[in-house]
Amino acid sequence: MTHHAKKTANMSFSDEVTSRHGGETLTSCYQCGTCASSCPVARLDSSFNPREIIKLSLLGEKEEVLSGDAIWLCCSCFNCQERCPQNVEIADLIYALRNIALEAGHSPNIYSDFASALIAEGRIVQISKFVEKKREEYGLPPLKPVGVEALNKILSATGFTKPEKTEATK
Amino acid sequence: MKSYAIFLGCTIPARQPNYELSARKTLAKLGVKLVDLDNFTCCCPPPIQSINLESSQAVAAYNICLAEEAGLDIVALCNGCFESLAMANAALKKDKKLKAHINEILAEVGKEFKGTIEVKHFLQVLMDDIGLEKIKEKVVKPLSSLKVAPFYGCHSLRPSKLLQLDDPERPTIFENLLEALGAESVEYRDKLKCCGGLLKGISDDTALSLARDKLVKTTKAGADCISTLCPFCFVALDIGQLQVKSKFSEVYDMPILHYSELIALALGVDPEELALRSHKIKADTVLEKIA
Amino acid sequence: MEQPKIGVFLSDCGKQLSEILDFDALTSFVKTVPNVTLIARGSEFWRGKGLQTIIDSIKDKKINRVVVAESLTKISDVNIAQAVEDAGLNSYLVEVIDLKDHCAWPHQKTPKEATEKAKAMLLAAIERAKLLEPIEKLEFPALKSALIIGGGIAGMQAAVDLTDLGFEVNLIEKAPFLGGLAARAGRFFPTDDCAICIQPPFSDVKTITHTSRKCVYRSGFSEIPNLNILTNSKVVAVEGVPGNYKVTIEKKPRYVDADKCVACDKCVSVCPVETPDEYNANLNNRKAIYINVPTVHPQVYVIDEDACKFHDCAKCVKVCPTNAIDLDQKPEQVTLNVGSIVVATGFREFDSSAIKEYHYDDYPDVITNLELARMIDGFGPTGGAIVRPSDGKPAKKIVFIQCAGSRDKRYNPYCSGICCMISLKNASLIKEANPDTEVSICYIDIRTTGREHEYYYERAREMGIKFVKGRPTEIYADEEKGKLIVDVEDALLKRFLDLEADLVVLATAMVPAEGTAELAEILGLDLEADGFFKEYNAKLRPTETKQRGIFLCGGATFPKDAPTASLHAHSAAMKATKFLTSGKIVKDQRTAVINEDYCGDCEFCPVTCPYGAISLEPTTEDHFVARVNDLLCEGCGVCVGTCPLNAIELRNSRPNQMEAQMKALMSVNGTSKPLVLAICCQECGHTAVDSAGMAKMQYPANVRVMKVPCAGIVRVNQIFEAFKAGAQGVMVVGCKTDGCHYEVGSDQAEKKMDLAKVLLKEYGIEPERLEMFKMVFIEGNQFAEAAQMMTERVTKLGPLKLMGGS
């Protein structure tokens, strides 16, 4: 169990979310739906609705929220958070839900790639030799070393869990 | 000459050296000195925040510490880097408890966040340090009546409480900067809506629909090109245009240019020096219009 | 001063107490105390034969101080005080203590210890009684006149009530016409009839019927003989004290003589200037000389000095048949002397321009409910037609958006309470007159809580008004369609709607009237966090303030509907009359007194006093002293606790009296535990001790209770005195933060105790020996627990070691 999971084992799902970074404002929501109509994704994909995700979380539907596809469909545009009349940090909340989901083993495979690159090289996208050569051609200064060691120490100190790839791609 | 620590992030060095190129040339012409610091890492944008928000905030704070130690403010070129670093900077400056908590973590790598520097977006450096008047003065090839649809992207403006770049509902900084170059800034519907960039690889359909929406609306408004502030938005609309053509059988021929590329052109930089060939949608029509 | 001769009267409450406390031992003990000249035992002393004993002892000059151990002291001491006064002794030379609720019952399991504590309590009462001083009653004259600030329906209603009772009333209104929001709203729920109506004055001789109401304009309101109406006027300064306020008013020039104007409208017909009519929400233009609508009061025209060309034109002057227009009128300052002030300044609509995504500032077809009301009003700019302001075409699709700026942490976090009803009313009126108009209401919650209000919601649904549960994110203009689009999710359907609208009506938040903050400053009143005037007590005294002579009514304290505003007005008027009827204010001089030699003009006390009772006055040598106003002083002692130079004392709670009590309470232990002193405020703290005893909650007898007017009186050095006197621990018990009966005392005390803890540490005393508690009367269990907890804590800490021995 991660150190987060240990702490929250006996909490209600709602309390578990509000105890996480980003999830603190969950319970202010009064389901007005401003976030839903602000959301560019919700209009295009009916499986994603931020108001619904919050409602399910408040009602304690942990399994449905964490194992579902919905929470991965947010495009992090922050329009909902900007317009929310109760200052619910909706986009941050979705990060918190993803954090919990990931620790429980749910996540799209692409995140595993990001994490691997980050841990190995301190960047989420690898810099290929081709690109390094192009930089030289353009007259750009060579890239400075990346603080990979410090980065990894910080990841470790904050319980960063590398997501594993799953069979079924999401 | 004001100096900044330039924060390149990951996407720009990996996929958009043209953005970096035009930005460096522009800032040099305008008298801003850029310093490349050692040990910057990924800023930990939304994909990493999705894995662990706390880790991301701590890594962002780590990067800010490097700049604090060098006594330099940071200029970020990518919206994602700007948001990640500026949000962390603002949050830690405001919330003492959070700062103490993050500093406990940073102590493990021998760093301490003090809150002594600012994190600025490329646009802010142009606006605050140089100013519209000086930019206008330095323009040698005004982008005569080039109709540009400005696209802020999401993370330059929101969440506005922490980023404080401009009015999140009615921003004008980008439009003013375009007009200072002699270009005509074009209003179009839903201009502040997301490009869908972060959904690539998760829900390509939605991502493409959002990119297409931008292309449709800017075309309807009569724009000659779209100008971006963020490498993700650039890719979503540039390469994205080919994918839109493929999926929807629609051709837009809408060149996408970073603001730094436009300003470089206006300041007289030779187009050949700007790696415009790396754009998937060629910028030839734009170059013709401003010749 | 004559020698104190103390009579001690011990009541055993029908032998209840003597079963627990050893009264013989108590009597013997009291006998040994000097200056006690009489000891009596009995069943009760607060009434009947017992009370007579006290009276006779006073009359026979056997005693000149009275100490009574009685039960239910907060009731019994009133009787005793009155009887003592009647017997010819000043009622403040009495000390009543409670051996039942404060001793016998909470310590009934340890009767021996209880008896020892009772000895200490009696000694404390006796020592305090020795030092008591007589306190006189003061009389202050009060003018039998009132000023009402604000001429809306609440202010007018209060004016009718007060003039009916014979008082002189001045009604001042900042606009040129009376009526406030009501005049513009047209119709009010729940009756859907005219808004601008009031209970008529009884002084209307012609109609001495029981008629329930009359429109203002035919109620004879303006002709009430003892009512002085000043429109176009503002309060700029208030000086004085309750009963005697001197109010300075600035009258803006009307440029039209009220005694001559016959309201013929000729001036309007020749005026060449047109300017947007803000009364009609700029939906039309008016002239520079104007009257709002034909039904207003006063029926006297007014010139808009920002629009008028004055002598460059003067066409109106030439055409006026009665020469009523005077373009050279100047602003006037008027001074009024009144006994009381009633604030009825009301509220206004929030400026929704702040909600940029709703485009109130740049789309003309986005309007507010009040602006819609102007259109619905037959006297309004469109003659009752509902149109699109942008092009004047009929509005056939109307969308209401509720909570525009209400329940919104970015703007106004509260619910404004009346907007659901206003929208339902307006929507229904529109639908009734135009059944083919499509009306939708977007809401977060529909709140129809008052009597008859649910019916409005039912009727609206029956009329085919559509309800969308969702708060729209944005309004945008579809130029092609020529319509506005309201972007909203219907949460019940989980469906996105793009509602087409000719007109979007924002049910905006209601915020305090313009100028509220300035007026609060002028009157010395507090505002709540929401910006409205603070009620003295929201539960019990919503129309009063901490200033004795200033009252509140109507929407000035929070948005409210007409029935509530009326209630409020009647309440404020009644409260104001209590004040005005006798022509004087009688008050005890249990007030603060300043030792001018010690006063260092530091300005702490005038700033801290919640009642503004302390002023700094210059003396001859370029020096200031603080002076207390006996009428304004409420006797809390917060100033005493604030003064860094010990220059202030509170009569009847003087430091020497408090010190004597402390020493006496600590002089007898009789338990195996360390002594703990509990300093309790007389409002909540001391009553919590009462309730612990009443419920027979047990706590240890080493806890000794001392009463003070307010926890704010406690000085840091007194904490040290308590330890020196023998306390091993000190509790300070006050009211809860938002419930301090003297506004700030409890919080001030808390701050001081935090400071005291720091100092204690410096002196080598464990800061945990001192603790502040906040509780209310019914939390007696909390007092018992706190007493138990403190006892255990100081027992664990061991005996106190004061620096330098002792």
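Once you have the alpha carbon radius of gyration of region C:589-649, what is it after dividing by 2.2 N^0.38 Å, with N set to its residue count? Mind dumping the intermediate values first?
Working: Rg = 10.5 Å, N = 61, 2.2 N^0.38 = 10.5 Å.
That works out to 1.00 for region C:589-649.
Can you give the angle from 0 to 90° between the axis of helix C:453-462 and the longest principal axis of chain C, with both taken from C-alpha atoms, to the nearest 10?
That helix lies at roughly 30 degrees to the long axis.
Among C:187, C:451, C:374, C:388, rank each residue by its count of other Cβ atoms within 10 Å, from fewest to most, as a rough exposure measure. If you can, show how the numbers build up before the last one.
Working: C:187 17, C:451 8, C:374 24, C:388 21.
Ordered from fewest to most neighbouring Cβ atoms within 10 Å, C:187, C:451, C:374, C:388 come out as C:451, C:187, C:388, C:374.
Go ahead and estimate [θ] at 222 nm for chain C from helices alone: -39,500 (n - 2.57) per DSSP H run with n ≥ 4, summed, over the residue count, rounded to 500.
Numbers: 20 runs with 223 residues, N = 806.
So the calculated ellipticity at 222 nm is -8500 deg cm²/dmol.
Give me the dipole magnitude in Debye, nearest 20, for region C:164-206 about the Cα centre, with unit charges on the beta carbon: positive for Lys and Arg, negative for Asp and Glu.
Numbers: 4 positive and 6 negative charges, 40 e Å.
The calculation lands at about 200 debye.
Taking region C:735-806, which trypsin sites (Lys or Arg not before Pro) meet the DSSP loop condition and have no more than 15 other C-beta atoms within 10 Å? Mind showing how you got there, number by number?
Working: sites: C:736, C:751, C:752, C:757, C:761, C:769, C:774, C:793, C:796, C:801; in loops: C:736, C:801.
Here the trypsin sites (Lys or Arg not before Pro) that fit, given the DSSP loop and packing criteria, are C:736, C:801.
Going 7 Å from the Cα of residue A:137 toward and past its Cβ, which residues in region B:250-277 have a backbone nitrogen under 16 Å from where you end up?
Only B:272-277 fall inside the zone, counting backbone N under 16 Å.
Could you tell me which of the pairs C:31/C:62; C:707/C:752; B:134/B:191; B:2/B:136 are separated by over 23 angstrom between their Cα atoms in the structure shown?
From C:31/C:62; C:707/C:752; B:134/B:191; B:2/B:136, over 23 Å: B:134/B:191.
Just add up the charged neighbours of residue C:252: K/R +1, D/E -1, any other residue whose Cβ is under 13 Å from the Cβ of residue C:252.
Numbers: positive: C:174, C:234, C:251, C:254, C:330; negative: C:173, C:250, C:304, C:305, C:306, C:332.
Residues near residue C:252 contribute -1 overall.
Around residue A:60, under 14 Å between beta carbons, what's the net of Lys plus Arg minus Asp minus Glu among the other residues? Walk me through the numbers before you get to the answer.
On the way: positive: A:55, A:62; negative: A:15, A:16, A:61, A:63, A:64.
Residues near residue A:60 contribute -3 overall.
Starting with the fewest neighbours, write out A:39, C:681 ranked by other beta-carbon atoms found within 10 Å of each beta-carbon.
Working: A:39 27, C:681 30.
Lowest count first: A:39, C:681.
Beyond 29 Å between alpha-carbons counts as too far, so tell me which of B:25/B:280; A:134/B:282; A:129/B:200; C:117/C:796; A:133/B:193 fall in that bin. Don't skip to the end; give the middle numbers.
Values: B:25/B:280 22 Å; A:134/B:282 19 Å; A:129/B:200 24 Å; C:117/C:796 22 Å; A:133/B:193 36 Å.
From the list (B:25/B:280; A:134/B:282; A:129/B:200; C:117/C:796; A:133/B:193), the Cα-Cα distance tops 29 Å for A:133/B:193.
Mind checking which of C:426, C:360, C:341 is farthest towards the positive end of region C:332-430's charge dipole, using Cβ charges of +1 (Lys, Arg) and -1 (Asp, Glu) about the Cα centre?
After comparing all options, I get C:426.
Can you tell me the 0 to 90 degree angle between the C-alpha axis of helix C:111-131 and the longest principal axis of chain C, rounded to 10?
70 degrees
Using +1 at the Cβ of each Lys and Arg and -1 at the Cβ of each Asp and Glu in the protein assembly as shown, identify which of A:150, C:16, A:95 lies farthest towards the dipole's positive end.
Farthest towards the positive pole: C:16.
All other residues with a Cβ under 11 Å from the Cβ of residue A:45 taken together, and with Lys, Arg as +1 and Asp, Glu as -1, what is their net charge? Display every interim value, and only then the final one.
Working: positive: A:43; negative: A:69, B:205.
With Lys, Arg at +1 and Asp, Glu at -1, the net is -1.
Could you give me the ³J(HN,Hα) list for region B:132-144, computed from phi with Karplus coefficients 6.51, -1.76, 1.60 and θ = phi - 60°, whole Hz, x at Gly and Pro?
The phi angles translate into 4, 4, 5, 4, 4, 4, 7, 6, 10, 10, x, 7, 2 Hz.
Quick one: if you stick a label point 7 Å off each Cα along the C-beta vector at residue A:126 and residue C:250, how many nm between them?
The two pseudo-label positions are separated by 7.6 nm.
Return one number: the angle in degrees, 0 to 90 and rounded to the nearest 10, between the long axis of the Cα atoms of helix A:129-138 and the longest principal axis of the Cα atoms of chain A.
Value to nearest ten degrees: 70.
Residue C:168's amide H: which non-local residues (gap 5+, or another chain) put their own amide H closer than 5 Å, with H modeled 1.01 Å from N in plane and none for Pro or chain starts?
Amide H to amide H, under 5 Å and 5 or more residues apart or across chains, residue C:168 pairs with C:146.
Mind sorting C:352, B:145 by how few other Cβ atoms lie within 10 Å of their own Cβ, fewest first? Mind showing how you got there, number by number?
On the way: C:352 22, B:145 12.
Placing the least packed residue first, the sequence is B:145, C:352.
Pairs C:356/C:483; C:396/C:466; B:33/B:99; A:55/C:483; C:61/C:130: which exceed 22 Å Cα-Cα?
B:33/B:99; A:55/C:483
Need the list of lysines near residue C:330 for cross-linking: C-alpha distance under 17 angstrom, and skip anything on the same chain fewer than eight residues off.
Residue C:330 reaches C:174, C:234, C:251, C:252, C:309.
For chain B, modelled as a GNM with alpha-carbon contacts under 10 angstrom, which of B:174, B:248, B:113 fluctuates the most?
The residue that fluctuates most here is B:248.
Ranking request for peptides C:229-236, C:319-326, C:275-282: highest mean number of other beta-carbon atoms within 10 Å first, then the rest in descending order.
Numbers: C:229-236: 19.9, C:319-326: 15.6, C:275-282: 17.2.
Sorting C:229-236, C:319-326, C:275-282 by mean packing, highest first, produces C:229-236, C:275-282, C:319-326.
So what are the ³J(HN,Hα) numbers for region C:731-744, from phi and the Karplus equation (6.51, -1.76, 1.60; θ = phi - 60°), rounded to whole Hz, Gly and Pro as x?
Result, rounded to whole Hz: 10, 10, 10, x, 6, 6, 3, 7, x, 4, 5, 10, 6, 10.
Using modelled amide H (1.01 Å from N, peptide plane; none on Pro or chain starts), what sits under 5 Å from the amide H of residue C:387, excluding residues fewer than 5 places away?
For residue C:387, the qualifying residues are C:395.
Where a Cα-Cα gap under 17 Å defines reach, which lysines qualify for residue C:546, not counting those fewer than 8 residues away within the same chain?
C:534, C:575, C:578, C:587
Would you pull out the residues with amide H under 5 Å of residue C:703's amide H, same chain only if 5 or more places away, H placed 1.01 Å from N?
Excluding prolines and chain starts, which carry no amide H, the hits are C:676.
In whole Hz, what ³J(HN,Hα) sequence does region C:556-566 give by Karplus (6.51, -1.76, 1.60; θ = phi - 60°), x for Gly and Pro?
Working through the residues one at a time gives 5, 9, 3, x, 8, 8, 4, x, 5, 5, 4 Hz.
Values in this text are rule-based calculations from the coordinates and carry no lab data. Here the structure is a predicted model, which means the values were calculated and not measured. Don't worry about glycine lacking a Cβ; one is built from the backbone with ideal geometry, like all the others, and counts go over all protein chains shown.
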